[in-house]
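Asks: My structure is below; once you've seen it, I'll send some questions.
The values are calculated or read from the model by the stated rules, or taken from the named source; none is laboratory data. Note that the structure is a prediction, hence the values are computed from the model and not measured. Glycine gets a Cβ as well: all are built from the backbone with ideal geometry, and neighbour counts include every protein chain shown. The accessibility values were calculated without ligands, DNA or RNA, using every heavy atom of the protein model including side chains. Shrake-Rupley method; radii C 1.70, N 1.55, O 1.52, S 1.80 Å.
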Amino acid sequence: AAVLEVAGLVKRYGDKTALDGVDLEIRSGEMVALLGPNGAGKSTLMQLLTGLFVADQGSIRVLGHDMRSAAPRALASLGVVFQQFALDLDLSVRANLLFHTDLHGLPRPLALSRIAEGLAAVGLADDASRPVRALSGGNRRKVELARAMLHRPRLLLMDEATVGLDPVSRRQLTQAVVDLCRQHGVAALWTTHLVDEVAQADRVLVLHRGQLRFDGDIPACLART
Ligand code: ADP
Ligand code: ADP
């Protein structure tokens, strides 16, 4: 089943066309890397997918829910990790995560069990009570990944999520994402410039000047270049 369906997406900033008619579909469990040079429109696409901006033309559907007419349902099916950190440094890991589960209306007992499970999955089972400030950048990012999954989204979106992390944290984070996709059928779409993070993908999308220039698997992508 399609988790994400994007059709004819156009986004302009003034007279600059950042996305120029993008069509794509992502299915349950697929792991997709979004590539392209600076200015290609990757961040713009991610921002439209998360409802931060509205497209000038075209449509976005998440699990069949239209981002315009059914935004709350569409957004409830998304998990998001972006380059910019978004955690309250002074609060504990658990308090940060409870804010998210409250936002999504999860009852406390369920929230606490999912938080424990989610932190265990990223190797931070013992850190729930620590202030986020005490965690390394890599561990903060793992907390953000755990948070992104607490409401059980079907599509995980990550925009340059490993930038600035040490290589060990990067690998652990990538592995956690692969596990989510393989074990729970979560689909993932991520932007990256790193070859080893592209290599994890089932499928590669290449954006250039706002248009999708390639959509296929890695062997086909290599054969073309
Ligand atoms: P990428 O993430 O691939 O580097 P972006 O989506 O950031 O690409 O940018 C696509 C194009 O849109 C670029 O030409 C960029 O300068 C322009 N752009 C991006 N964001 C804005 C904005 N908020 N206002 C105006 N122009 C923007
Ligand atoms: P398993 O027992 O299959 O190895 P767990 O149930 O322990 O996996 O969960 C591993 C990770 O996946 C945890 O982060 C958990 O929060 C998350 N998770 C579990 N079920 C789902 C689901 N249906 N959708 C998304 N994430 C899930």
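Asks: For the residue pair R224 and R73, what label-to-label distance in nm results when each label sits 7 Å from Cα along the Cα-to-beta-carbon direction?
Replies: For R224 paired with R73, the spin-label model returns 3.4 nm.
Asks: Please work out the ratio of the alpha-carbon Rg of region 158-222 to 2.2 N^0.38 Å and round it to two decimals.
Replies: Numbers: Rg = 12.5 Å, N = 65, 2.2 N^0.38 = 10.7 Å.
Scaled against compact globular proteins, the figure is 1.16.
Asks: While we're on this one: Any number yet on Rg/Rh for region 28-92, C-alpha, Kirkwood?
Replies: Checking Rg against Rh, the ratio lands at 1.01.
Asks: Return one whole number: the accessible area per residue of region 80-212 in Å², for a 1.4 Å probe.
Replies: Ligands and nucleic acids excluded, the result is 47 Å² per residue.
Asks: While we're on this one: Which value, in Å² rounded to 10, gives the accessible area of R61 with a 1.4 Å probe and all protein chains present?
Replies: Here the accessible area works out near 100 Å².
Asks: With every protein chain present, what accessible area does M158 have (1.4 Å probe, heavy atoms only), rounded to the nearest 10 Å²?
Replies: Estimated to the nearest 10 Å², M158 gives 10 Å².
Asks: For the chain, go through all pairs of different Cα atoms, get the mean of 1/r, take its inverse, and jot down that Kirkwood value in Å.
Replies: 18.0 Å
Asks: Show which aspartates and glutamates lie in cross-link reach of K142 when reach means a straight Cα distance below 18 angstrom and same-chain residues fewer than eight apart are skipped.
Replies: Candidates past the 8-residue exclusion: D88, D90, E117, D126, D127, D159, E160, D166, D179, E197.
Asks: Kindly sort I218, I26 by accessible area of their heavy atoms, largest first, with the probe set to 1.4 Å.
Replies: I218, I26
Asks: For the chain, give me the percentage of DSSP beta bridges that are antiparallel, rounded to the nearest 5 percent. Show your work: numbers first, answer last.
Replies: On the way: 22 of 40 bridges.
So the antiparallel bridges amount to about 55 percent of the total.
Asks: Rounded to the nearest percent, how much of the accessible area of region 1-84 (1.4 Å probe, protein heavy atoms only) is carbon and sulfur?
Replies: Working: 1860 of 3910 Å².
On region 1-84, the fraction of accessible area on carbon and sulfur atoms equals 47 percent.
Asks: I want the local charge near M31. Using Cβ-Cβ distances under 10 Å, sum +1 for each Lys or Arg and -1 for each Asp or Glu among the other residues.
Replies: Net charge in that neighbourhood comes out at 0.
Asks: Quick one: check the C-alpha center-to-center distance for region 170-225 versus region 52-85, whole angstrom.
Replies: 20 Å
Asks: Which value, in Å to one decimal place, does the Kirkwood hydrodynamic radius take for region 98-151 when every pair of different Cα atoms is included?
Replies: 11.2 Å
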